[in-house]
Amino acid sequence: MKQWNVDYLEKKVNTLSHVYVNTNKWFGPYYDSNKPFTPFVARRNPYKDDVTMKSADFFSHIKTKGEEQDMYLYYTGGIGSIGHWALADVQPIQEFISLKPDHNSINVWLGEPEVITHMHYDGYHNFYVQIQGRKKFTVFSPSEWKHLYPYPYLHPHHAQAQVNISNVNDTDKFPFIAKATGMEITLGPGDLLYLPPLWFHHVEALETSISVNVWSDSEQTPTVNKLFSNRIPVYEEDTRYKGIATVL
């Protein structure tokens, strides 16, 4: 993994699929179109997440950030998405997947300076390794949830915070955000951050960045999935609930 940098990946990768593209540097909140309330809720930040690019174009862009730009790029995908060779490059990795060897995901993250991942939490153990560049994590414990205003589980922005902590401009709507207590952690090349399940994190790339992480299921994941697999009494075809959009 020591050999990983932008120039190395540009030579090894031919094409990147599902590149995230936006006209601003803020990527989020994520929109899950499979959630029950999706028909009633518009996407809050309509960035593209399905763009296919030649790797030369992608890496050239993230290496040559200008003072003014109208396009920001960001990529994340399973380690195999950039090539079958990539998994061998990140060995040894067994210790990171030992919590749940049969339920884990190894992912690569590529981005340009100033790109922001919106405040959210994951239901997994997260081992996050910084390879090139620096990233700043702003982290909050699960007990801070009431200060961060997370969307509910059935909402398409589930697990994302309603408030944007990098630009809090509506304190009347989010009065408790001022009480939120977190910590800032800056990762540099070779640093490892462990995020337990349900910990909120807001991530900003301070420089052109390459990272790899491993997600492993928590012990509670199967129970939560089983609970929320039950159907709810609100269906898209039931016109009595069309007005529900006014309260979401």
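Bear in mind that the values in this text are calculations on the coordinates, not laboratory data. As the structure is a prediction and not an experimental result, all values here were calculated from the model. Virtual Cβ from ideal backbone geometry, glycine too; neighbours counted across all protein chains shown.
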- Task: Would you mind computing the Rg to Rh ratio of region 174-214 from its alpha-carbon coordinates, Kirkwood style for Rh?
- Result: 1.01
- Task: For the pairs K63/K179; K136/K179; K63/K146, note any where the Cα-Cα span goes beyond 31 Å.
- Result: K63/K179; K63/K146
- Message: At 7 Å along Cα-to-Cβ for each site, give me the label-to-label distance between E207 and N169 in nm.
- Response: 3.1 nm
- Task: Beyond 14 Å, what share of the Cα-Cα pairs of region 147-189 is found? Please give it as a whole percent.
- Result: 56 percent
- Message: So if I place +1 on the C-beta of Lys and Arg and -1 on the C-beta of Asp and Glu, and nothing else carries charge, what would the dipole magnitude of region 1-43 be about its Cα centre? I want it in debye, nearest 20.
- Response: 60 debye
- Rounded to the nearest 0.05, what FRET efficiency is calculated for A56 and H84 with R0 set to 25 Å and r the Cβ-Cβ distance? 0.80
